[in-house]
1. Within the set of pairs 6 or more residues apart or between chains, which connect a residue that is free of Cβ contacts under 8 Å to residues at least 24 places away in the same chain inside segment 46-65 to a residue that is part of a loop (DSSP other than H, G, I, E, B) and surrounded by 14 or more Cβ atoms within 10 Å (Cβ to Cβ) with Cβ atoms less than 7 Å apart?
2. Collect the residues in segment 66-81 that are surrounded by 15 or more Cβ atoms within 10 Å (Cβ to Cβ) and touching a residue at least 40 places away in the same chain (Cβ under 8 Å), keeping them in residue-number order.
3. Across segment 31-51, which residue is surrounded by the most Cβ atoms within 10 Å (Cβ to Cβ) among those that are of a type in the set (A, V, I, L, M) and under 13 Å from Trp113 (Cβ atoms)?
4. Name the helices (runs of 4 or more DSSP H) wholly inside segment 5-91 in which the number of residues that are within 21 Å of Arg127 (Cα to Cα) and at pLDDT 95 or above is 1 or more.
5. Restricting to segment 125-150, count the residues that are surrounded by 16 or more Cβ atoms within 10 Å (Cβ to Cβ), aliphatic (A, V, I, L, M) and closer than 15 Å to Arg74 by Cα.
Amino acid sequence: MTDAAERSSRRRKASDKEQLSRDAWLDAAAAAIAEGGFDNVRVLLLAKSLGVTRGSFYWHFKDHQDLIVSFLQRWRERRLAELAAWRPQGSDIAKESRRIMHVLLSETGRHLWRMRIELAVRDLARRDELGAQIVAEVDQARIEQNIQLLEAIADDPRGAQDLALLLYVATIGAQLITTGPIGDSDLTGRIERLIANLVLEWHQRGGGDLLSADALDQFGA
């Protein structure tokens with residue numbers, strides 16, 4: 001390599017560092033994951049999509065594994081930060097339950113790529129220890145948030161943990177069937193009402209154990 005070519009290469013690498021942030025690489029990784037899962041994350045392909053040299057990558061990450069770990073950590077941080085939107089903003093239980101369900105379902109439905117990424121992360125968690133740990137942390141934080149909401153509105157908080165788990169499972173399932181390019185607002189609204197009504201019924205009877213005979217009778221089991 002000539003001196004001129006070497007200087008040009010150094011300038012190009014320096015320019016890459018200045019113009020491309022760590023988050024830009026992570027955003028590119030997110031797009032690749034949404035399209036084809038974690039197996040679709042390749043440094044050369046990401047560099048090509050970003051229009052930079054591969055050298056830019058190494059300003060921010062040690063290697064491919066460092067990129068994956070960084071992505072998982074950012075995914076966890078962002079999912080935990082979102083929990084603030086689940087907090088009630090008023091005293092009307094029925095209204096607030098509907099509002100929270102609307103946030104969880106309608107927003108996800110408009111962002112198909114986010115659901116694809118979450119599914120990819122969960123798929124990775126089946127074979128990756130860090131992925132499994134991060135998914136478990138996010139799941140537990142979401143369920144704990146539900147528990148806090150339920151315990152705050154019930155005279156008898158028994159059953160809050162079971163109902164919180166049930167609501168979380170129902171929400172994840174609802175997100176799967178309501179997410180897509182062809183949104184079904186009627187279906188989303190119906191699911192929102194059903195889940196919100198379940199919370200309201202539990203609240204109206206003062207909380208209590210979901211598995212008690214009285215509760216089963218009241219819920220029509």
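The values are calculated or read from the model by the stated rules, or taken from the named source; none is laboratory data. Worth saying up front: this structure is predicted, and the values here are computed from it rather than measured. Every residue, glycine as well, gets a Cβ built from its backbone with ideal geometry; the counts of neighbours run over all protein chains shown.
1. Close Cβ pairs satisfying both conditions: Ala47/Thr53.
2. Of segment 66-81, the ones surrounded by 15 or more Cβ atoms within 10 Å (Cβ to Cβ) are 67-72, 74-76, 79.
Within segment 66-81, Leu67, Val69, Ser70, Phe71, Leu72, Arg74, Trp75, Arg76, Arg79 qualify.
3. First, the residues of segment 31-51 that are of a type in the set (A, V, I, L, M): 31-34, 41, 43-47, 50.
From the residues that got through so far, the ones that are under 13 Å from Trp113 (Cβ atoms) too are 31-34.
Working: Ala31: 15, Ala32: 20, Ile33: 24, Ala34: 19.
Filtering segment 31-51 for residues that are of a type in the set (A, V, I, L, M) and under 13 Å from Trp113 (Cβ atoms), the one surrounded by the most Cβ atoms within 10 Å (Cβ to Cβ) comes out as Ile33.
4. Working: elements: 22-36, 43-50, 54-60, 64-81.
Fully inside segment 5-91 and qualifying: 22-36, 64-81.
5. 3
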